[in-house]
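Reading through the structure tokens given below for one structure.
The values are calculated or read from the model by the stated rules, or taken from the named source; none is laboratory data. Small disclaimer: the values here were computed from a predicted structure and weren't measured. Cβ sites come from the backbone with ideal geometry, for glycine too, and all protein chains shown count toward neighbours. Surface accessibility is based on the protein's heavy atoms, side chains included, excluding ligands, DNA and RNA. Shrake-Rupley method; radii C 1.70, N 1.55, O 1.52, S 1.80 Å.
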Amino acid sequence: MKIVVSPDPILNKVAEPCEVGDKSLKRLAREMAKAMYATNGVGIAAPQVGVSKRLIVVDCDDEDYGKDPLILVNPVIEDAWGEEVTAGEGCLSCPGVNIPITRKPWVRVSYFDLDGEEWEIESDGLLGRCLQHEIDHLNGITLFESVAPELRLKALAAYDKAREAGARPGDVDFELDR
């Protein structure tokens, strides 16, 4: 499964809701996880593999990395709170750059699992940030729309340089001097 990179138009399109309980989502989620792990990612959204569906796969567990991905069907941010935190974020669809993004530290997300059961998750730290990042993808928002406006042109210029230097999905802070 190939990862779609910016500026592909699918990345700026609002993804369609999934049919809850659709059995084909299991295969899609499995293939997405495989692509995510192959590029050392911690999250991936269906639009990042060219599928306009509201499905994300995340695995932020450093201790058991690659063993138990969390799969969220039709995830919705119900609440986000706390004093905003700015931290660098990379993205499989924007290879080669790490961009400072400001987000709330805590998030509560409702979603369905692959069997159609409804769940809710509350998190902070890397998982909280990852959930917000991947749900942004479902809403057609990439890192370039998430960055502060005064940094957008600088981020786009850095991305262009990284791509010219051969950055691939999974590369963050690509060596531009090569």
Just one of the numbered conditions (1) on the phi < 0 side of the Ramachandran plot; (2) part of a loop (DSSP other than H, G, I, E, B) is not true of Tyr37; which one? (2)
Considering only the range 43-50, I want to know if a residue exists there that is among the β-branched types (Val, Ile, Thr) and assigned to a loop (DSSP other than H, G, I, E, B). no
So which residues in the range 94-107 are open to solvent by less than 80 Å² (accessible area, probe 1.4 Å) and either aromatic (Phe, Trp, Tyr) or touching a residue at least 60 places away in the same chain (Cβ under 8 Å) (or both)? Cys94, Pro95, Gly96, Val97, Asn98
Being touching a residue at least 24 places away in the same chain (Cβ under 8 Å) and over 19 Å from Ser146 (Cα atoms) is true for just one of Gly50, Gly43, Gly90. Which residue is that? Gly50
Given the condition surrounded by 13 or more Cβ atoms within 10 Å (Cβ to Cβ), farther than 19 Å from Glu120 by Cβ, among the small types (Gly, Ala, Ser) and in contact with a His (Cβ under 8 Å, 6 or more places away or on another chain), answer yes or no: does some residue in the range 76-93 qualify? yes
Residues (of a type in the set (Ser, Thr, Tyr) and either touching a strand residue (DSSP E or B) at 6+ places or on another chain (Cβ under 6 Å) or open to solvent by 30 Å² or more (accessible area, probe 1.4 Å) (or both)) located in the range 124-177: Ser146
Taking the range 8-22, which residues are under 18 Å from Cys94 (Cβ atoms) and either modelled with pLDDT under 95 or open to solvent by less than 50 Å² (accessible area, probe 1.4 Å) (or both)? Ile10, Leu11, Ala15
Report yes if Trp119 is open to solvent by 80 Å² or more (accessible area, probe 1.4 Å), of a type outside the set (A, V, I, L, M) and in contact with a helix residue (DSSP H, G or I) (Cβ under 7 Å, 6 or more places away or on another chain), otherwise no. no
Take the conditions of a type outside the set (Val, Ile, Thr) and surrounded by 16 or more Cβ atoms within 10 Å (Cβ to Cβ) and apply them to Ser110. Does it pass? no
